[in-house]
1. Given N residues in the chain, what is its alpha carbon radius of gyration divided by 2.2 N^0.38 Å?
2. With point charges of +1 on the Cβ of Lys and Arg and -1 on the Cβ of Asp and Glu, referenced to the Cα centre of the chain, which listed residue (P654, Q88, N578) lies farthest in the positive direction of the dipole?
3. Over segment 312-403, with the other protein chains present, what is the accessible area per residue in square angstrom, probe 1.4 angstrom?
4. In square angstrom, rounded to the nearest 10, how much accessible surface does D420 have for a 1.4 Å probe?
5. Loop-only GluC sites (Glu not before Pro) in segment 452-531, please: DSSP not H, G, I, E or B, and at most 16 other Cβ atoms within 10 Å.
6. From the cross-link list K244/K329; K600/K661; K425/K500, which pairs have alpha carbons spaced over 20 Å apart?
7. Which residue, chosen from A67, V523, S410, occupies the Cα position most advanced towards the positive end of the dipole of the chain, where the dipole is computed from +1 (Lys, Arg) and -1 (Asp, Glu) charges on Cβ about the Cα centre?
8. Could you name the lysines whose alpha carbon sits less than 23 Å from that of K75, not counting residues in the same chain fewer than 8 places away?
Amino acid sequence: MACVLEAPLRMSVLSEVTASSRHYVDRLFDLDPQKVLQGVMLLYLLQQESSSTELRTECAVVLGSLAMGTENNVKSLLDCHIIPALLQGLLSPDLKFIEACLRCLRTIFISPVTPEDLLYTDATVISHLMALLSRSRYTQEYICQIFSHCCKLQHWHSCGFKSLPQPLLCANGPDHQTILFNHGAVQSIAHLLVSASYKVRMQALKCFSVLAFENPQVSMTLVNVSVDGELLPQIFVKMLQRDKPIEMQLTSAKCLTSMCRAGAIRTDDPCIVLKTLPCLVRMCSKERLLEERVEGAETLAYLIETDVELQRIASITDHLIVMLADYFKYPSSVSAITDIKRLDHDLKHAHELRQAAFKLYASLGANDEDIRKKIIETENMMDRIVNGLSESSIKVRLAAVRCLHSLSRSVQQLRTSFQDHAVWKPLMKVLQNAPNEILVVASSTLCNLLLEFSPSKEPILESGAIELLCSLTQSENLALRVNGIWALMNMAFQAEQKIKSDILRGLSTEQLFQLLSDSDVNVLMKTLGLLRNLLSTRPHIDHIMSTHGKQIMQAVTLILEGEHNIEVKEQTLCILANIADGTTAKELIMTNDDILQKIKYYMSHSNAKLQLAAMFCISNLIWNEEEGSQERQDKLRDMGIVDILHKLSQSSDPNLCDKAKTALQQYLA
């Protein structure tokens, strides 16, 4: 295909090349695509060893300048297979030519349109780059930069560049971090952290921040590596100090954060509590550039996400909760901005700032009730979240939903702020049409809003939530299936009969069986929890069993016969105990000898939980004050149930012993 290159850099490019290559360069800027193609091909010919090294070096410089132009330039160069040509150039003995090729590769790999996998198409490339690290400070700087841009957590299928050659790595092959690690990246790059060149130190640091991210193997190794007698964590801590450039402070904080999250450094280690955390809070202050504030807040959110103590420390450091409120004030009012460039800059970062603030608030409020209260009391906080739920940016919407989910764990807030701001309305809107990553968090939040003490439960029901949740239970996505059934379980708790009937109608018997045979134990447990909530209070039990009894008994039999864990079997026996508590429903058990034998079997089981659950079934079936109890008692006595009860009344387990004695009294009454 024709390689069409745009030319925003014509003057600067031409100033870099000598007259000898100007003929080829001019062709690159020709408006005729065929001439452009010819020019690029000629440039490729210049990669041949028959050309002089000076000319080849100039070509690499020109190509690098072109790559600094538009994304279309980079795409065109990629289409013309520039990467293999430049990688080939690295085999040259000439250092200046190697540096020019590396500089050009660096520029191309920095571009968002370049797939990182292109670095890994040939297994020998990484080894060769490692070997080139020792050649000069330029090779060190460029190679570290290439590595940090080409080291992504793997999502192979989303590459999306069909016209490019496919990488040799398969979908389940080793990821970028592992490949670099296995080629000795840690040892090769570590000593560059003490290089005389600031640029080399910085690029090496960035490389480690990417290598260690969510990677326990790399993180555990970094902890024990030393350079000039000093361990890497100590070197990172020195780079965090206030007298170091902000970029260096931030990147070393990211390295230490990744190592901490991977379990290589304890969360109560002084280098985290006294150095990393305060440094990241500092990055959130008004004095910092907007991009630094974004990175600081996002890294801090990640550091404290799963640790209660770090959340508490962060929340009382430098008035962080109030400081974050400032993130929502961009762009400043237009009248205050006379500089159009400044407005453009503010607009560009406004989304990122809001996203970072929501993320950090979500982490801060993940566990502690007092912190949640402080967050919600921050100026206009609930309004900001509600607005965030309908933003055009998916990333901001996701972060706002995460923040809402974190705050929805508070019983107090569900009863007050969430109700005052009718948060459920925008949340239901988000659930109507959103990508899965947003749906997962939004449906988790909905689960909390449907708890029995939440005032939002009623209006949510009236807005058609049952249909929505029933559709989630059919999702391919496991988290969505779990959340859908979990929300229905919460909805059914102490609900009126109409709601329970609507749930059963919405789910359909077929879907219920599908969920009960789901391979995931979470889905199964939540579905059993739903059934248990549906089958509570006698009139409801009798009504539901009169319409769905046959199918429910089938499902119960299926589970009690299957290979399931203790919790699943216990929950199923509890459902039977609820059915046994019905007035007419209990006959479905009494006329089913197979089920009665199963209850008898579990009464003598080795697990006390299952024995206890089976005894609840028996107690409900033989309860004296109920019609037909005598016939039921006789039938169960003939089955040998009374003998088992006598045996259990001697049990060393006080619960079993008491329950057995209570049941036996029904026979004596």
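The values are calculated or read from the model by the stated rules, or taken from the named source; none is laboratory data. Given the structure is predicted, the values throughout are model-derived calculations rather than measurements. Glycine also receives a Cβ, built like all others from the backbone with ideal geometry; neighbour counts cover every protein chain displayed. Each accessible area value is taken on the protein alone, full model and side chains, heavy atoms only, with ligands, DNA and RNA left out. Shrake-Rupley method; radii C 1.70, N 1.55, O 1.52, S 1.80 Å.
1. Values: Rg = 33.1 Å, N = 669, 2.2 N^0.38 = 26.1 Å.
That works out to 1.27 for the chain.
2. Q88
3. Values: 4400 Å² over 92 residues.
Here the residues of segment 312-403 average 48 Å² of exposed surface.
4. Probe radius 1.4 Å; accessible area of D420 about 120 Å².
5. On the way: sites: E452, E462, E467, E476, E496, E510; in loops: E452, E476, E496.
Those satisfying the criteria are E452, E476, E496.
6. Numbers: K244/K329 29 Å; K600/K661 17 Å; K425/K500 23 Å.
In this structure, K244/K329; K425/K500 exceed 20 Å between Cα atoms.
7. Of the options given, the answer is A67.
8. Counting by Cα, and skipping residues close in sequence, K75 has these lysines nearby: K35, K152, K162.
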